[in-house]
Amino acid sequence: MKKLLKSISILSLVVAFIIAISAQAKINSGKAGNSHIAHLYLYEKDADWNIVKHGAWGKMKYNLLGSSFDFVFNGHNLQKGKDYTLIYYPDPWPGKGLICLGSAESNKGGNVHINESVDTCDLPAPYDENYNNGAKIWLVLSSDVDCQNHRMTAWNPMEYLFEYQLITFEDTDCDWPAKECEPGQKEECDTGLLGICALGTKTCSSEGVWGECIQNKEAEVESSEVPEHCVDQLDNDCDGLIDMEDPGCEGPVPLSVGII
């Protein structure tokens, strides 16, 4: 009898150990051994960003490097009959420059399966505020994302799945262009126009690329009927001629204005 009880105790410990290992395997994401394959778990999270116990979840198996981002994603406990899209989300909101990785409709059991190969270039992108840390992978409602314009259009986080940890992907045949500037940064520039139209301002885009040089002042009419423009030593109409040198300023200038 003692031997039987001892055997049962040992068996119970083995079962408990297997359950613990399985639970740990479910929550851990990352590289699988020495291969170029990795796993990422996504979870439903509450308002405090804690994983919802027994909530919706999913697992993505993906390659760490290659000419394209190859992955298989399986989601569970989701809303039934809903269209979902797996995305790479770069900060800040609304995720301008995000990449839609694939979409599918959940079945009657609330499960969704997405298997795709996508040309993404390296992840994360250099315009991502998380560039030094890694890429965010989310499963969102397809109705909340604009894949054509690469941005989120609505925010319903209780319906999404969020990554357990950030990931990286090395694209072997694609490199993002070097980051030229910090998003939102502004700098004076030369528009290439003449006169008061020459000075402009350019703004750094969310992708870290300088935008068009926008002139600070628009061209104004130069005429003897508006003589202040004909005696201010400025090329107000941006044609390269100043004051009375400009045909637009021909004619008498009222004495009340005064000529220096």
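No value in this document is a laboratory result; all are computed from the given coordinates. Note that the structure is a prediction, hence the values are computed from the model and not measured. Please note: Cβ atoms are built from the backbone with ideal geometry, for glycine as well, and neighbour counts cover all protein chains shown.
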Pairs beyond 19 Å (Cα-Cα), from Lys45/Lys136; Lys136/Lys202; Lys179/Lys217; Lys96/Lys136: Lys136/Lys202; Lys179/Lys217
Using a Förster distance of 41 Å, the FRET efficiency for Ser143-Lys217 (Cβ separation, nearest 0.05): 0.40
Relative counts (whole %) of C-alpha pair distances in the range 30-171, using bins that are 10 Å wide: 12, 45, 36, 6
Phi-based couplings in Hz for the range 181-189 (Karplus 6.51, -1.76, 1.60; Gly and Pro marked x): 7, 8, x, x, 5, 10, 8, 5, 8
Inter-probe distance in nm under a simple model that places probes 7 Å from Cα toward Cβ, at Asn133 and Glu180: 2.8
FRET E, pair Glu245, Arg151, Förster distance 51 Å, beta-carbon r, rounded to 0.05: 0.55
Spacing of the two label points (7 Å from each Cα toward its C-beta) at Trp210 and His113, in nm: 5.1
Label-point separation, Thr172 to Val52 (7 Å along Cα→Cβ), nm: 4.0
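Rounded to a whole number of µm²/s, how large is the Stokes-Einstein D of the range 177-218 at 25 °C and 0.890 mPa s, given Rh as the Kirkwood radius over C-alpha pairs?
233
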